[in-house]
Every structure is written in C-alpha cells, then in structure tokens.
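First the structure, in the form of structure tokens, and then the observations on it.
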Amino acid sequence: MPELTVVEHPVLADRLVVLRDRATSHGAFRRALEEASAILAIEATRDLPTRDVTVDTPLEPANGKILLGEVAIVPVLRAGLGMVDGFLRLLPDARVGHLGMYRDEVDHAPVDYFERLPPGLAEAHVIVPDPMLATGGSAVHALTRLKEAGAERLRLVCLVSAPEGVEAVHAEHPDVPIWTAPLDRELDDNAFIRPRLGDAGDRVFETSG
C-alpha cells in the first residue's frame, strides 16, 4: 500500500503485547500507550525539515540542525489523548488541538461533538494521532476537517490499523502518509479490528462508552 509505514521496533513490539493483554490495568495500559506513541513519534518525524545552525558549546562552536517550521498535534478524541504525551516528549513546543468524535454504533459513521484547533495550521506540520484505524471513517473525517481549516501537511499516526481503514484513508486522502505499529488482520462484522486490543479510550480512562 502506498504511503503506509509499518513501524517495526523491538521496544514497540514489547509495549504492544502489554497493550493487547486483556489483563493489563488501565495505569499500565496508559504508560505503555505513551511509550509506544513516543516510538511512533520518532518514526513519523524522521523527514521533518531542518535548518543548519551554529551554537557555542562550553569548548567551541558546533554545527547542528534544528526543526524548521511549526508542528501541531491534533488527536482524535477520546483515545487519541492517550498518545499526545508521547509526542510531546519529542515535540514539547508543538501546539495541540482537539477533534472530538464518536462512532455511531449502527452505521459506524463518525459523529462530531467537540472541536478546538490551534492557529496557523496552513503553515504547520500537522500530526493526527488516532490509536485505532478501523473502518477509517473517523480518520477520514478528521483529515477532511483539518484540510477545511487550512492544514496542508498532514500525517496520520495510529497504533493499530486494519487494511480496510488504510484503504479508506488512501482513497479519500492519498496525499496523507500513515504510520502504524501493526497492520492487523481484518475487521469483523461489528467493524472491530481483529485481533486489536479492545477499546483504547475505555482502557486509557477506565470508562465505557
């Protein structure tokens, strides 16, 4: 599939086992999700533009590179909140917005309930963390809304994805690259990813619904 990066890393694989295990407590799940997100953040930002600089060390000048341009992180609520701290470990100065939506249980279509976007999206590199890419409906909807708000350089970062969701995003937004940890097998009749790891939002916040 074009513009899809499946991230393979031994520490990420270890954290994924913790996240999949139904016996993992919500505290341990939250920590593992943050750590997995930090690894995904490293991979998803490898090609961010930089500019050359020279700084004075305690001994002599040294050449280096710093990030060029603003970065915005816009998670898809609720579960996307669990990934934000992992990204902020790497990008502490990033602006953070929020897109709240839930999946209708009948037709699986996304339903909006909250939106707060940072300024300057047109100039920023916008990262969209969304732990579960199932049907792709929420991700497609979020990317569409962000483009309407002016975002031009978008990246979708997921923890677990289904082939159907990847195909849906590529069909509607072929310009948006996707990073994911595993690409799971398929969707079941209820549009749940198999084998996946349960409802990420419920497991992060120890809630339901």
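Brief remarks follow.
- Of the set (1) open to solvent by 40 Å² or more (accessible area, probe 1.4 Å); (2) without any contact (Cβ under 8 Å) to a residue 40 or more places away in the chain; (3) within 26 Å of Asp199 (Cα to Cα), all apply to Asp93 but (3).
- With respect to the stated conditions, Arg46 is basic (Lys, Arg), within 16 Å of the chain's Cα centre (by Cα) and more than 25 Å from Ser138 (Cβ to Cβ).
- Condition check for Leu154: open to solvent by less than 30 Å² (accessible area, probe 1.4 Å), free of Cβ contacts under 8 Å to residues at least 60 places away in the same chain, farther than 16 Å from Val7 by Cα and assigned to a helix (DSSP H, G or I): no
- Candidate set: the stretch 97-109, residues that are of a type outside the set (Asp, Glu) and open to solvent by 70 Å² or more (accessible area, probe 1.4 Å); chosen: the one farthest from the chain's Cα centre (by Cα): Val106
- Consider the stretch 173-197 and keep the residues that are surrounded by fewer than 16 Cβ atoms within 10 Å (Cβ to Cβ) and touching a Leu at 6+ places or on another chain (Cβ under 9 Å). The one that is modelled with the highest pLDDT is Asp175.
- Complete set of residues in the stretch 29-41 that are open to solvent by less than 80 Å² (accessible area, probe 1.4 Å) and touching a residue at least 24 places away in the same chain (Cβ under 8 Å): Phe29, Leu33, Glu34, Glu35, Ala36, Ser37, Ala38, Ile39, Leu40, Ala41
- When the stretch 51-96 is filtered for residues that are farther than 30 Å from Val111 by Cβ, part of a strand (DSSP E or B) and either charged (D, E, K, R) or within 12 Å of the chain's Cα centre (by Cα) (or both), the ones remaining, listed by number, are Arg51, Asp52, Asp56, Lys65.
The values are calculated or read from the model by the stated rules, or taken from the named source; none is laboratory data. What you see is a predicted model, and the numbers here were worked out from it, not measured in a lab. Note that each Cβ is placed from the backbone with ideal geometry, even for glycine, and that neighbours are counted across all protein chains shown. Heavy atoms of the whole protein, side chains included, go into the accessibility calculation; ligands, DNA and RNA do not. Shrake-Rupley method; radii C 1.70, N 1.55, O 1.52, S 1.80 Å.
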